[in-house]
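A.B. asks: If you scroll down you'll find the structure; I have some questions about it.
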């Protein structure tokens, strides 16, 4: 378990030793060191899941027990551990008197310290859970935060459709919350007029209750409840992170599912929602700007410790057959598998949005969101399905069965005129079928119905459908290749140029070294040229230059620096505008005469 701890001390030695031990443990995190009780309370309110407070008994000239008593009164559900000189019966009794759960010696080894702190942290978690269940009758729902990689990717619409899908599956009370405080418009999509908004809860601070939350909730068609954003975006500044955490907490006990639209961007209230949500969904469209924005968003969440990349579900919205950014490309760039793909609804879906008929409309977008709703909201670590969600197959509709039976009779009696006439005179053949196929229910039916459904639907599969699917797959793969090929070629050329330049530079270094060795040997035999002896110096330079091979012999400089021969030459470059030079220095060893 990962335990967050606060240390109350003013002794640098205690601070350093405790911090080192907690870092070494790998399971403990020291989030704050202070000697002020109010700072401890603020840190607990800001971090939210502090498991234990370690109080040094010598803090403030021996006032540790008094400070522990104050902390126990302020935060009765927070486990306290006294850091004492000797962890004996007397020290334990004194600690229990002030409300501490345990004691540990300053010189305690790592194993003992971690064991005591984890035990107290487990008590803290159990106490808070028990109190929460008692206050709310044991009911606990799930909060799903939906964020957009950038503006315009369809975050608000996806939030509504996901909420509708959960409500239609029998998930109990489902609440849609518009937490895009500056520009959210879920109420507009639903055609609902509102007087109160989620910002009205800001005046309550961290004391948001179920009753106050219900006072800002509006029932809407489709079995939903809506908590709208304010009409005036400037009121968003009134929301605080403490209120945001309290709202998330209240939503858990007021709804089976609460789907919160946090929009795009990040501020303290939205960060608090993303931290406390049970599941976070990131929506993006299949284009490069949205893909880059999604990667920046995930990186930012990880840098600020808001949400780990592995805890985020990725949803690709408005997918078409012509998109070059495929789900495979999204997975490769973001490092996360795509949880759901929502197709582009085209003109039919746009008409439903403009006519404020998202709740009553039935489009391919609605079907796609509904079919993947469970995968999106379910935590990947869960073994059991989310609470109160029924996922039972529905019975096949009579109209569909009649239609299949009619087609079967026509195939069997194609060669018989009597059969054809009988079919034509059948009353059922003249009744148009207006039933909407229940694609989501068919896809999510039980495994026992799968062979029967496959046997009934196999004769209806036309060759045109197969070829169309093959062409879509081929188009997706070719689009992916078209996006990746330029990057692969560019990287290959870059590596080749760098390797070639490294070869030229290394060859120049060897050539300079060999030439300097030649000059050193010559001087060692004939002696160092006298000052002003230009003839001997020119002879030495010609001898050294002759030792340098092409193409490094264009500009060779020979210098005598004391008893050293220094050879400098230019290395050929394949990168325009880059000048590289190589020099070698060899000492002169005069042979004895």
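A.B. asks: Between a first residue in the range 7-19 that is in contact (Cβ under 8 Å) with a residue 12 or more places away in the chain and assigned by TED's automatic domain parsing to the domain that holds residue 31 and a second residue that is surrounded by fewer than 18 Cβ atoms within 10 Å (Cβ to Cβ) and part of a helix (DSSP H, G or I), which pairs have beta carbons less than 6 Å apart while being 6 or more apart in sequence or on different chains?
C.D. replies: Qualifying pairs under 6 Å: 9/15.
A.B. asks: Here is a follow-up. Among the residues of the range 84-123, what is the count of those that are in contact with a helix residue (DSSP H, G or I) (Cβ under 7 Å, 6 or more places away or on another chain) and either free of Cβ contacts under 8 Å to residues at least 24 places away in the same chain or surrounded by 14 or more Cβ atoms within 10 Å (Cβ to Cβ) (or both)?
C.D. replies: The qualifying residues number 12.
A.B. asks: Only one of 362, 332, 378, 318 is under 18 Å from residue 159 (Cα atoms) and out of contact with any strand residue (DSSP E or B) (no Cβ under 8 Å at 6 or more places or on another chain); which?
C.D. replies: Just one listed residue meets the conditions, 362.
A.B. asks: A further question follows. Does residue 212 qualify as being more than 15 Å from residue 273 (Cα to Cα), out of contact with any strand residue (DSSP E or B) (no Cβ under 7 Å at 6 or more places or on another chain) and surrounded by 15 or more Cβ atoms within 10 Å (Cβ to Cβ)?
C.D. replies: Judged against the criteria, residue 212 is a match.
A.B. asks: Ok, one more. Looking only at the range 134-168, how many residues end up being at positive phi and either modelled with pLDDT under 80 or in contact with a strand residue (DSSP E or B) (Cβ under 6 Å, 6 or more places away or on another chain) (or both)?
C.D. replies: 3
A.B. asks: Considering each residue of the range 538-583, count those that are in a loop (DSSP other than H, G, I, E, B) and within 60 Å of the chain's Cα centre (by Cα), and give that number.
C.D. replies: 16
A.B. asks: Something else now. Among the candidates 188, 233, single out the residue that is surrounded by fewer than 20 Cβ atoms within 10 Å (Cβ to Cβ) and at pLDDT below 90.
C.D. replies: Sole residue among the options that is surrounded by fewer than 20 Cβ atoms within 10 Å (Cβ to Cβ) and at pLDDT below 90: 233.
A.B. asks: Taking the options 156, 163, 193, name whichever one is in a loop (DSSP other than H, G, I, E, B) and over 18 Å from residue 272 (Cβ atoms).
C.D. replies: Every option except 193 fails the conditions.
A.B. asks: If you check 255, 264, which single one turns out to be surrounded by fewer than 24 Cβ atoms within 10 Å (Cβ to Cβ) and closer than 23 Å to residue 372 by Cα?
C.D. replies: Only one candidate qualifies: 264.
A.B. asks: Can you name the number of the only condition in (1) in a loop (DSSP other than H, G, I, E, B); (2) over 19 Å from residue 361 (Cα atoms); (3) more than 30 Å from the chain's Cα centre (by Cα) that residue 212 fails?
C.D. replies: Here residue 212 meets the rest and fails (1).
A.B. asks: Restricting to the range 501-526, name every residue that is in contact (Cβ under 8 Å) with a residue 60 or more places away in the chain, surrounded by 13 or more Cβ atoms within 10 Å (Cβ to Cβ) and more than 30 Å from residue 577 (Cβ to Cβ).
C.D. replies: 517, 519, 520, 523, 524
A.B. asks: Taking residue 31 as the residue in question, decide whether it is in the same structural domain as residue 120 (by TED's automatic domain parsing), touching a residue at least 24 places away in the same chain (Cβ under 8 Å), at negative phi and outside any helix (DSSP H, G or I).
C.D. replies: yes
The values are calculated or read from the model by the stated rules, or taken from the named source; none is laboratory data. Worth saying up front: this structure is predicted, and the values here are computed from it rather than measured. Cβ sites come from the backbone with ideal geometry, for glycine too, and all protein chains shown count toward neighbours.
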